[in-house]
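Some notes on the structure that comes next.
The values are calculated or read from the model by the stated rules, or taken from the named source; none is laboratory data. Everything numeric here is computed off the predicted structure, so don't read it as measured data. Positions of Cβ are backbone-derived with ideal geometry, glycine not excepted, and every protein chain shown enters the neighbour counts. All accessible areas refer to the heavy atoms of the entire protein, side chains included, with ligands and DNA or RNA removed. Shrake-Rupley method; radii C 1.70, N 1.55, O 1.52, S 1.80 Å.
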Amino acid sequence: MIDPKPNLRIKILSLINKLLPKSKRQIAVYGRRMLSDNAEALLDYLISNDYNKKYSIKICVDKHVPVSKYTGIQNVQIVSNPIYTIFTLLNSMRVFHTHGMTACAFIPCRNQIIFDLWHGSPLKTIGLMAGNKWYHQTDSYFLCASPFWAEINKKCFNLDDNQIFIGSYPRNDLLFKKSDNHLLKSICSGTWNIVFMPTFRNSDQLHKTDSSCDFPLLSPSNIEDLNSFLKDKDVNLIIKPHPYQRHIQLFDIDLSNIKIITNEDLHKAELPLYVLLGASDALISDFSSVFFDYLLINRPIAFVVEDMADYKNQRGFTIDNPYTLMPGVKIQTLKDLKEFILDVVHDKDPYHTERQKINNLCNTYTSPDASKRILDFTGIIK
């Protein structure tokens, strides 16, 4: 459905939104089932820079979402009740979200801004390109990392030119942040520390199967061999499964140089994922958008692509040849993986220039201040 008309729920909420007075100094951050990294990074920026002294900040999340670190902060309130969530969103002059407003979606009224921070540059099909409905009228602005991605996002979400905001993701500012977090010290204890972040293949939560492979390359049959190799080279491999990836046996391992880190682990330790990425020496990914962000710090990237053909047939990509945007070694086997790790250890980086080229295409802004640019644009000024 190329241009879906607002359904009855959106029409009703939009009508109420027109009639309901707005709190001019109220900012709502909507997290739905999770407080995603861009929303959390923007929220942390607001608080750490004292915007909450001038504005009332409402965090709208499900009651099971871990947000306890925000309790007791001046002018910051956590909203979990569904009815109060809807009222809060309708009552706010500025609303930020990352995954669509779903059941709370409504068309903004005059001077009200609903800003979609989204959660990555889409190499995988999403939105309309994936056959889903998308009510594009409910966003005032949609964040795109470059004009290149703006054109793709317009196809995915049927956006108008005036809805596009070219900026950078707030989470990317954390790539440049140093930290002495205890969990970070624990998992990045090797001479070299490599993060492995593949996208999900099969999800019980989403009832989706995007590949016949459950997890790329690694399995219980080869994981101990890889661990021995890593231990010999003093390398830590930090595996961060996608939050939607269904649980598999591989995630229950307990090995010296392979660490499994989940969203829950990061939240408990108050360690933002992108601070971890910024502390790493290299990234292994696949079709996940994380590698476009990692280009900003121009460190080695490898791509696990053993199931690319299968993934393309089942999920699909937003461009015809994804390899043109993947500046790094393409890993098909465990031997390939070991060779990439040896390159990192020996400081061999043949893709340095190619990464810079793709970064120029995919990231208009290459320095921090993502949150400030967004807040200034939306009129949120201290």
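Any idea which of PRO220, PRO170 is over 24 Å from ILE319 (Cα atoms) and open to solvent by less than 20 Å² (accessible area, probe 1.4 Å)? First the steps, then the outcome.
Numbers: PRO220 fails: open to solvent by less than 20 Å² (accessible area, probe 1.4 Å).
Step by step, each of PRO220, PRO170 is checked, and only PRO170 is over 24 Å from ILE319 (Cα atoms) and open to solvent by less than 20 Å² (accessible area, probe 1.4 Å).
Is it the case, given these coordinates, that TRP134 is in contact (Cβ under 8 Å) with a residue 60 or more places away in the chain, farther than 21 Å from TYR365 by Cβ, aromatic (Phe, Trp, Tyr) and open to solvent by 10 Å² or more (accessible area, probe 1.4 Å)? Steps first, answer last, please.
Values: in contact (Cβ under 8 Å) with a residue 60 or more places away in the chain: yes; farther than 21 Å from TYR365 by Cβ: yes; aromatic (Phe, Trp, Tyr): yes; open to solvent by 10 Å² or more (accessible area, probe 1.4 Å): yes.
Yes, satisfied.
Considering (1) free of Cβ contacts under 8 Å to residues at least 24 places away in the same chain; (2) part of a helix (DSSP H, G or I); (3) of a type in the set (Lys, Arg), say which one ARG171 fails and leave the rest.
Answer for ARG171: the failing condition is (1).
For GLY31, work out the one condition from (1) farther than 22 Å from THR262 by Cα; (2) in contact with a helix residue (DSSP H, G or I) (Cβ under 9 Å, 6 or more places away or on another chain) it doesn't fulfil.
Only one criterion is unmet by GLY31, namely (1).
From (1) of a type in the set (Asp, Glu); (2) crowded, with 19+ Cβ neighbours inside 10 Å; (3) assigned to a loop (DSSP other than H, G, I, E, B), pick out the condition that doesn't hold for GLU306.
(2)
Could you tell me how many of the residues in segment 246-266 are surrounded by 19 or more Cβ atoms within 10 Å (Cβ to Cβ) and over 17 Å from CYS188 (Cα atoms)? It would help to see each step written out before you state the result.
Going through segment 246-266, the residues surrounded by 19 or more Cβ atoms within 10 Å (Cβ to Cβ) turn out to be 257-259, 261, 266.
From what's left, over 17 Å from CYS188 (Cα atoms): none.
Residues flagged as surrounded by 19 or more Cβ atoms within 10 Å (Cβ to Cβ) and over 17 Å from CYS188 (Cα atoms) within segment 246-266 amount to 0.
Being in contact with a strand residue (DSSP E or B) (Cβ under 7 Å, 6 or more places away or on another chain), open to solvent by 30 Å² or more (accessible area, probe 1.4 Å) and either on the phi > 0 side of the Ramachandran plot or not hydrophobic (A, V, I, L, M, F, W, C) (or both) is true for just one of ASP281, ASP286. Which residue is that?
Working: ASP286 fails: open to solvent by 30 Å² or more (accessible area, probe 1.4 Å).
Result: ASP281 is the single residue among ASP281, ASP286 that is in contact with a strand residue (DSSP E or B) (Cβ under 7 Å, 6 or more places away or on another chain), open to solvent by 30 Å² or more (accessible area, probe 1.4 Å) and either on the phi > 0 side of the Ramachandran plot or not hydrophobic (A, V, I, L, M, F, W, C) (or both).
Quick one: in segment 146-159, of everything that is open to solvent by less than 10 Å² (accessible area, probe 1.4 Å) and touching a strand residue (DSSP E or B) at 6+ places or on another chain (Cβ under 8 Å), which residue is farthest from LEU89 (Cα to Cα)? Talk me through it step by step, then tell me what you get.
Just the residues of segment 146-159 that are open to solvent by less than 10 Å² (accessible area, probe 1.4 Å), to begin with: 146, 149-150, 153, 156-157.
The next check asks that each one be touching a strand residue (DSSP E or B) at 6+ places or on another chain (Cβ under 8 Å); those that pass are 146, 150, 153, 157.
Working: SER146: 28, ALA150: 26, ASN153: 25, PHE157: 22 Å.
Here the residue is SER146.
Being assigned to a loop (DSSP other than H, G, I, E, B) and open to solvent by 40 Å² or more (accessible area, probe 1.4 Å) is the filter here; which residues of segment 232-245 pass it? Step through it out loud before you land on a result.
The first filter runs over segment 232-245 and keeps only residues assigned to a loop (DSSP other than H, G, I, E, B), leaving 234, 240-245.
Within segment 232-245, ASP234, HIS242, PRO243 qualify.
Taking segment 201-217, which residues are within 19 Å of ALA302 (Cβ to Cβ) and open to solvent by less than 10 Å² (accessible area, probe 1.4 Å)? So that I can check it myself, show each step before the final result.
Going residue by residue through segment 201-217, those that are within 19 Å of ALA302 (Cβ to Cβ) are 201, 211, 213, 215-217.
Listed by number, the residues that qualify are ARG201, SER211, PRO216.
Return only the number of the condition from (1) open to solvent by 10 Å² or more (accessible area, probe 1.4 Å); (2) in contact with a Cys (Cβ under 6 Å, 6 or more places away or on another chain); (3) not polar (S, T, N, Q) that PHE292 does not satisfy.
Status for PHE292: all satisfied but (1).
Answer yes or no as to whether SER121 is within 19 Å of SER285 (Cα to Cα), in contact with a Lys or Arg (Cβ under 7 Å, 6 or more places away or on another chain) and part of a loop (DSSP other than H, G, I, E, B). Walk me through it before giving the result.
Details: within 19 Å of SER285 (Cα to Cα): yes; in contact with a Lys or Arg (Cβ under 7 Å, 6 or more places away or on another chain): no; part of a loop (DSSP other than H, G, I, E, B): yes.
Judged against the criteria, SER121 is not a match.
Output the number of the condition that LEU143 fails; it satisfies all remaining conditions of (1) crowded, with 24+ Cβ neighbours inside 10 Å; (2) part of a loop (DSSP other than H, G, I, E, B).
For LEU143, the exception is condition (2).
Does segment 56-73 contain any residue that is on the phi > 0 side of the Ramachandran plot, of a type in the set (Gly, Ala, Ser) and loosely packed, with under 14 Cβ neighbours inside 10 Å? Write out each step before concluding.
Initially, segment 56-73 is screened for residues on the phi > 0 side of the Ramachandran plot, giving 72.
The next check asks that each one be of a type in the set (Gly, Ala, Ser); those that pass are 72.
If we keep only those that are loosely packed, with under 14 Cβ neighbours inside 10 Å as well, we get 72.
Within segment 56-73, one or more residues are on the phi > 0 side of the Ramachandran plot, of a type in the set (Gly, Ala, Ser) and loosely packed, with under 14 Cβ neighbours inside 10 Å.
Of everything in segment 346-382 that's in contact with a Gly (Cβ under 9 Å, 6 or more places away or on another chain), assigned to a helix (DSSP H, G or I) and over 25 Å from SER48 (Cβ atoms), which residue is most open to solvent (accessible area, probe 1.4 Å)?
GLU354
Select from segment 124-155 the residues that are of a type in the set (A, V, I, L, M, F, W, C) and at pLDDT below 95 and list them in ascending order. Talk me through it step by step, then tell me what you get.
Step one: list which residues in segment 124-155 are of a type in the set (A, V, I, L, M, F, W, C), which gives 126, 128-130, 134, 142-145, 148-150, 152.
The answer is ILE126, LEU128, MET129, ALA130, TRP134.
What residue, among those in segment 78-102 that are within 18 Å of MET34 (Cβ to Cβ) and in a strand (DSSP E or B), is nearest to the chain's Cα centre (by Cα)?
Top of the filtered list is HIS97.
Starting from segment 60-72, keep only residues that are under 11 Å from LEU35 (Cα atoms), then list their pairs with residues that are aromatic (Phe, Trp, Tyr) and in a strand (DSSP E or B) whose Cβ atoms are within a distance under 7 Å, requiring at least 6 positions of separation or different chains.
Close Cβ pairs satisfying both conditions: CYS60/TYR30.
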